[in-house]
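To keep things clear, I will list the structure first and then write my remarks on it.
The values are calculated or read from the model by the stated rules, or taken from the named source; none is laboratory data. As the structure is a prediction and not an experimental result, all values here were calculated from the model. Neighbour counts run over all protein chains shown; Cβ positions are idealised from the backbone, glycine included.
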Amino acid sequence: DRVHAVGGVTRFEGRRPDSTGHGFTGAGRMRVTVLGGAGGEELPDGYFDAVAAACPGAEFRILDRAHGWVEDPWPDLCAADVVVCAAGQNSVADVAAAGRRAIVLPLPRPYGEQDATARVLSDAGLALVPMMAGAEPPEPDCWPGLLDRAPAADWSAWGTDGAADRAADVIGEVARG
């Protein structure tokens, strides 16, 4: 067999949900964590600032190059009502481990892997996918509705529990020949 489904490998496997130490300040507003990536092409500069301005009923924590990274985004993921991320393996696995509602914006990659992941997420009802890679992102004034439509999903199907061990087992089998 050349392909083995091992699940989503996340550094947060086994961590309990923990929202202490998150960076949200307001009470009574929808909390949105934007989990920026470091894998290449991103959305236009200032895009999520414009989105946040168009969503007065939500408080945004934007974790990216422009706004600054945090050493441990787990509390911000767990405290969020909705997480916005790209469709990279790590980002999706981290959201799955936190069990949060998600809006996934796939970014262009050489082999189309983020589009493929986004289609699977959308088809399974795990995330709202309002665009595919290379398309113009949704206009900022569309985001209040997008946030409301992000599905509450059972992420257990993504298989983050035990995924690293399953991957190690497969790698070991291949190495042994």
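Sort out which residues of the range 102-138 are closer than 20 Å to Ala53 by Cα and free of Cβ contacts under 8 Å to residues at least 12 places away in the same chain, and write them in order of number. Quick ask: steps written out before the conclusion?
Here is the first cut: in the range 102-138, the ones closer than 20 Å to Ala53 by Cα are 102-105, 130, 136-138.
Listed by number, the residues that qualify are Glu136, Pro138.
Identify all residues within the range 76-102 that are assigned to a loop (DSSP other than H, G, I, E, B), crowded, with 20+ Cβ neighbours inside 10 Å and touching a Lys or Arg at 6+ places or on another chain (Cβ under 6 Å); write none if there are none. I'd like the intermediate steps shown before the answer.
To start, the set of residues in the range 76-102 that are assigned to a loop (DSSP other than H, G, I, E, B) comprises 80-81, 86-88, 99-100.
Retained after the next criterion (residues that are crowded, with 20+ Cβ neighbours inside 10 Å): 80, 86-88, 100.
Result: Ala80, single match.
Here is a yes/no grid of residues against (1) farther than 26 Å from Gly159 by Cα; (2) loosely packed, with under 14 Cβ neighbours inside 10 Å:
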residue	(1), (2)
Arg16	no, yes
Arg29	yes, no
Val32	no, no
Gly46	yes, yes
Ala53	yes, yes
Pro56	yes, yes
Leu63	no, no
Trp69	yes, yes
Trp74	no, no
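Being out of contact with any helix residue (DSSP H, G or I) (no Cβ under 9 Å at 6 or more places or on another chain) and at pLDDT below 95 narrows it down to one of Ala38, Ala66, Ala5, so name that one. If you could, list the steps in order and put the result at the bottom.
Details: Ala66 fails: out of contact with any helix residue (DSSP H, G or I) (no Cβ under 9 Å at 6 or more places or on another chain); Ala5 fails: out of contact with any helix residue (DSSP H, G or I) (no Cβ under 9 Å at 6 or more places or on another chain).
Result of the check over Ala38, Ala66, Ala5: Ala38.
Only one of these conditions is not met by Gly21: (1) at pLDDT 90 or above; (2) touching a Pro at 6+ places or on another chain (Cβ under 6 Å). Which number is it?
(1)
Could you tell me whether Gly172 is more than 15 Å from the chain's Cα centre (by Cα) and under 20 Å from Gly7 (Cβ atoms)?
Values: more than 15 Å from the chain's Cα centre (by Cα): yes; under 20 Å from Gly7 (Cβ atoms): yes.
So Gly172 fits the description; yes.
Going through the range 41-57 one residue at a time, which ones are in contact with a helix residue (DSSP H, G or I) (Cβ under 6 Å, 6 or more places away or on another chain) and not in a loop (DSSP other than H, G, I, E, B)?
Just the residues of the range 41-57 that are in contact with a helix residue (DSSP H, G or I) (Cβ under 6 Å, 6 or more places away or on another chain), to begin with: 50-51, 54-55.
Matches in the range 41-57: Ala50, Val51.
Pairs, please: C-beta under 8 Å, at least 6 apart or cross-chain, first residue touching a residue at least 12 places away in the same chain (Cβ under 8 Å) and closer than 23 Å to Ala118 by Cα and in the range 60-88, second among the basic types (Lys, Arg) and assigned to a loop (DSSP other than H, G, I, E, B)?
What qualifies is Trp74/Arg15; Leu77/Arg100; Cys78/Arg100; Ala80/Arg100; Asp81/Arg100; Val82/Arg100; Val83/Arg100.
Does at least one position in the range 106-126 carry a residue that is small (Gly, Ala, Ser) and touching an Asp or Glu at 6+ places or on another chain (Cβ under 7 Å)?
no
Right, Asp123: loosely packed, with under 12 Cβ neighbours inside 10 Å, within 19 Å of Gln89 (Cα to Cα), charged (D, E, K, R) and out of contact with any Phe, Trp or Tyr (no Cβ under 9 Å at 6 or more places or on another chain) or not? Before you say what the answer is, go through the steps one by one.
Working: loosely packed, with under 12 Cβ neighbours inside 10 Å: yes; within 19 Å of Gln89 (Cα to Cα): yes; charged (D, E, K, R): yes; out of contact with any Phe, Trp or Tyr (no Cβ under 9 Å at 6 or more places or on another chain): yes.
Taking the combined requirement at face value, the residue satisfies it.
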